[in-house]
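This report concerns only the one structure given below.
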Amino acid sequence: MTKVYDVQSIEEKWQKKWEQEHIYNVEEISSGEKYYVLEMFPYPSGRIHMGHVRNYTIGDVIARYKRTRGYNVLHPIGWDAFGLPAENAAIQNRVHPAKWTYENISQMREQLKRLGFGYDWTREITTCDPEYYRWEQWFFNRLYEKGLVYKKTSFVNWDPVDQTVLANEQVIDGKGWRSGALVERREIPQWFLKISDYADELLDDLVKLEGWPEAVKTMQYNWIGRSFGVEADFELKNSGEVLRVYTTRPDTIMGATYLAVAPEHPIVKQVSDNDDRVKSFVKECMKTSVSEADLETIEKRGVPLGINAVHPISRDDIPVWVANFVLMSYGTGAVMSVPAHDQRDWEFAKKYDIQIKPVVYPADNSELDLGKEAFVEKGILKNSGQFDGLNFDQAFEKISEYLESESRGCKKINYRLRDWGISRQRYWGAPIPIIYCDSCGEMPVPDEELPVELPVDIELDQKGIISLSNVKEFIETKCPKCGGLAKRETDTMDTFVESSWYFLRYASPEFNEGIFDRKSVSYWLPVDQYIGGIEHAILHLLYSRFFTKALRDIGMTDLDEPFTNLLTQGMVIKDGVKMSKSAGNIVDPDEMIEKYGADTVRIFMLFASPVQRDLDWSEKGVEGAYRFLNRVWRIVVENLSKIQGINKTELDVSALSEEEKSLLIKVNRTIKKVTDDFERFQFNTAIASIMELLNETSKFNAASESGLYILKKSIFSMVGLLFPMAPHITEELWQNLGNRNSLVDSRWLVFDQDIIESSEINIVIQVNGKVRSQISVSPDADQDFIKNLAFEDQKVKGYIAGKEIKRVIVVPKKLVNIVV
RNA sequence: GCCUGGGUGGCGGAAUAGGUAGACGCAUUGGACUUAAAAUCCAAUGGGCUUUAUGCCCGUGCCGGUUCGAGUCCGGCCCCGGGCACCA
């Protein structure tokens, strides 16, 4: 064994060995339990970044730990390979997206291997491979058959100079990122998946996800946003048409003093043709991006449409406005505005001098002051005719009943969740398998003609842009029904479609008779532990849940939910901001590996911060991790010859010296602590406690055979506990310690509870809640005994002398508090 | 704007069910070893006070509350991060 910890050769040696022995490849076996641990697969952007390193280190530790606990562990990896950056690279570097993507993949694959992650590489998936997206197209057809696919128009960001659709990310301060032109909203036909059909189940099943963070569940709950309200019809005076509004506060309906509709609402068009003011306002409203954050932060503005509507209950005339804060995509695209009881309506009414009519009063009879803000709480109705005196619940019932009896409204459940628009006017994506025939209409591509392959063998144009709408050979096809000339859909699918089912494909990645082998999926799924960034809390996870349920409903699986447990990791921060190319604060993992080794980088990542929280990058911290592993190396080197011959199996604990006993207890406590921490994924404190054990072991002087045995046990324990986090150095040490087996297939360490409980425990004595003294007692000392000891304590006596003792609180095994 | 998470020494963080605030690491300072440096090892390290002690007081973003006892629970505020449906 070398004196020096030779990082590079050790890591290379073990990586080679693991790969040669295919040690991480797994199969379905009938005995024992399976465990499927999965990290969110990477987008092949070029090189691995620290965020990946963190994510995959956490996953690798869990996979290795579970394997030592006897599970049959599936730990796969793949590539989320379609997406926008590949097209940007094409434009910037004139390189074909496919070439760029595959080159990135091979580079990143090597980087992952260099970090020592134990993946089953035989299951590697690449989503831009036709053998992958073929099944996605097949699934699209099933959804189409079930009526879960439909086409409608919706808005996109349009760059009027570049004549292209822009992603929200490409709109900066309302302008196209390359052209700098003011972005417009443009309405185009697009394909949608009816996720709204699953809104109730997606919402109600959240309670079943006990292994998910509350924050993620709350965010999904609010995102789906089920609300109970009322739809009410306001008749338009000019046309007799009905304007339907949705409200969750029907109790305030008598206070409605105007209606507001979205700029895209059909009735606006009728007016804007003859009203220049409305026309220019609507045009103005179209000059924003489609992102909700932008819409919600712009100044609230509106103009009157010049038409009135009849209130469905009071029959009063109220004016109709068009306003930029009303969303066409939510409810009916029209709202009744009650300035007295809604803050946004209040501000709008103040701005445009519209009447404010209070109809709900505080239940405690306190005064209603609408001078500064709206009164938005629920209360008692007044000025509401027949509904006066009712509270919210009563008013909700009576008013909806009344509207229903007059055929002017009804109760309605609404969702904030919108259907999923999957059309992208982009090249680098999976083609949507639809054919348009002039005589037969639109239809899906028959299953036997799948995959509809994305043509890869095409040239970039002068700007580096590729568009499917220019590829004649792709577009022109024949109609599956009549055989006549027909055209293919040129939109591709949102890349979220690929990532919504990849975790199922890992169960049988080579299967070519279907989307997956049912047998394999029922063995491996659900994913026992899913790990990824908190930024995916809503979209990716919600879409994956939707796909899983839809696959179940077409009879492909029995799964209700894809991910049993979810761990959301924080970001990697440097100098106060997220580590990213755009911030210019990237630290290349390869450089760190070269300098300190993969084990050091892994240990730092795990030690610097708890997994759910953001992690501050610090090279000083990396050096600390490196020092720690060097100390581990050295303690083995220095003691190797001493402990080699020790084969003791029985220990007489009562005959041990204090020092020996103390280390023995520490070893057992550390095993317990690290085990508990691993179960909770608290790797930072697990490492801290191994460091404590190392500190105590370094000070230890083995003076007897028992002492040497305890020293050996401590060293073996440290190596075993560190293995899932630092696999290379521990395998090397393990072998040098005379073991023949690999730690990969070893069993997790056990601790002896009796030894842990054999030491005395510390009891804190407080007087009036302040710590004044401490005593040491055996763990089974009873309360009265501890109480008496506390009162006899010299320091305590000084604090309680001459004072009346009001109360004594004894918390077993913790403290005594004397209140005087 | 809406939804959501966070704020503890010089720094990263610990305190698992309301019970010793600051484990472990980094940095800094002093010492040992060395011709010297690096590496390593040992020690000190939240702030203040003076009577220098087995001492006292303050201290977990801010204000208030509950409790024998609050970093932890409750109410109100401030600041920072994540998401907002075409970045992935």
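Relative to the first principal axis of the alpha-carbon coordinates of chain A, what is the inclination of helix A:727-736, with its axis defined by its Cα atoms, in degrees from 0 to 90 and to the nearest 10?
20 degrees
Evaluate the distance, in nm, between pseudo-label points positioned 7 Å from the Cα of A:LYS300 and of A:ILE23 along their respective Cα→Cβ axes.
6.3 nm
Under a 5 Å amide H to amide H cut-off, with H placed in plane at 1.01 Å, what residues pair with A:ILE380 once short-range neighbours are removed?
A:TYR361, A:ALA363
Note the angle between two axes, namely the Cα long axis of helix A:214-224 and the longest principal axis of the Cα atoms of chain A, as a number of degrees from 0 to 90, rounded to the nearest 10.
That works out to roughly 10 degrees.
What is the ratio of the Cα radius of gyration of the range A:1-146 to 2.2 N^0.38 Å, where N is its residue count, to two decimals?
My calculation over the Cα atoms of the range A:1-146 gives 1.25.
Based on the alpha-carbon gyration tensor of the range A:239-337 and its eigenvalue square roots a ≥ b ≥ c, which shape applies: rounded if a/c is under 1.5, prolate if not and a/b is larger than b/c, or oblate?
oblate
Among the listed pairs A:LYS13/A:LYS113; A:LYS146/A:LYS194; A:LYS300/A:LYS372; A:LYS237/A:LYS411, which have their C-alpha atoms separated by more than 20 angstrom in this model?
Flagged as over cut-off: A:LYS237/A:LYS411.
From Cα pairs below 8 angstrom and at least 6 apart in sequence, can you work out the relative contact order of the range A:188-328, rounded to a whole percent?
24 percent
Show the residues, 5+ positions off or on another chain, whose built amide H is closer than 5 Å to the amide H of A:TRP79.
It is A:ILE125, A:THR126, A:THR127, by chain and number.
Students often get this wrong, so check it: of A:LYS66/A:LYS666; A:LYS66/A:LYS208; A:LYS151/A:LYS175, which have C-alpha atoms separated by over 26 Å?
Beyond 26 Å: A:LYS151/A:LYS175.
Which of the aspartates and glutamates could a cross-linker span from A:LYS814 if the Cα-Cα distance has to be under 19 Å and same-chain partners fewer than 8 positions apart are dropped?
Cα-Cα hits under 19 Å: A:GLU757, A:GLU760, A:ASP780, A:ASP782, A:ASP784, A:GLU792, A:ASP793.
Can you list the residues, at least 5 places off or on another chain, whose amide H is less than 5 Å from the amide H of A:LEU566, using H built in the peptide plane?
So A:LEU566 has HN proximity to A:TRP212, A:TYR530.
With charges set only on the Cβ (+1 for Lys and Arg, -1 for Asp and Glu), what does the dipole of the range A:421-514 come to about its Cα centre, in debye to the nearest 20?
The calculation lands at about 280 debye.
Which of the trypsin sites (Lys or Arg not before Pro) found in the range A:668-698 are in a DSSP loop and have at most 14 neighbouring Cβ atoms, other than their own, within 10 Å?
Sparse-neighbourhood loop trypsin sites (Lys or Arg not before Pro): A:ARG680.
Report, to one decimal in Å, the Kirkwood hydrodynamic radius for the range A:340-478 based on all distinct Cα pairs.
Here the Kirkwood hydrodynamic radius works out to 21.6 Å.
In bins 5 Å wide, starting from 0, what share of all Cα pairs of the range A:725-769 does each bin hold, as a percent?
Spelled out bin by bin, the range A:725-769 gives 5, 15, 15, 12, 7, 12, 11, 7, 5, 5, 5, 1 percent.
Assuming R0 = 25 Å, what is the FRET efficiency of A:ARG344 and A:SER280, from their Cβ-Cβ distance, to the nearest 0.05?
0.60
Hey, what did the range A:473-612 get for relative contact order, percent, Cα under 8 Å, at least 6 apart?
Worked out over the range A:473-612, it gives 17 percent.
Could you work out how far helix A:97-114 tilts from the main Cα principal axis of chain A, as a 0 to 90 degree angle to the nearest 10?
Taking Cα atoms only, the helix is inclined about 20 degrees.
Kindly give the semi-axes, whole Å and largest first, of the ellipsoid equivalent to chain A, taking each as the square root of 5 times a Cα gyration tensor eigenvalue.
Equivalent ellipsoid of chain A: 58, 42, 23 Å, largest first.
Only Cα pairs under 8 Å and at least 6 apart count here; give the relative contact order of chain A as a rounded whole percent.
Relative contact order for chain A comes out at 14 percent.
Name the GluC sites (Glu not before Pro) in the range A:738-820 that are in a loop by DSSP and that have at most 14 other C-beta atoms within 10 Å, would you?
Those that pass, being in a loop and sparsely packed, are A:GLU757, A:GLU760, A:GLU804.
Per DSSP H run of at least 4 residues, take -39500 (n - 2.57); add these up for chain A, divide by its residues and hand me the 222 nm value, nearest 500 deg cm²/dmol.
It comes out at -11500 deg cm²/dmol, rounded to the nearest 500.
No lab work stands behind these numbers, since they all come straight from the coordinates. If you're wondering where the values come from, they're calculated on a predicted model, not measured in any experiment. Note that we place each Cβ from the backbone using ideal geometry, even for glycine, and neighbour counts take in every protein chain shown.
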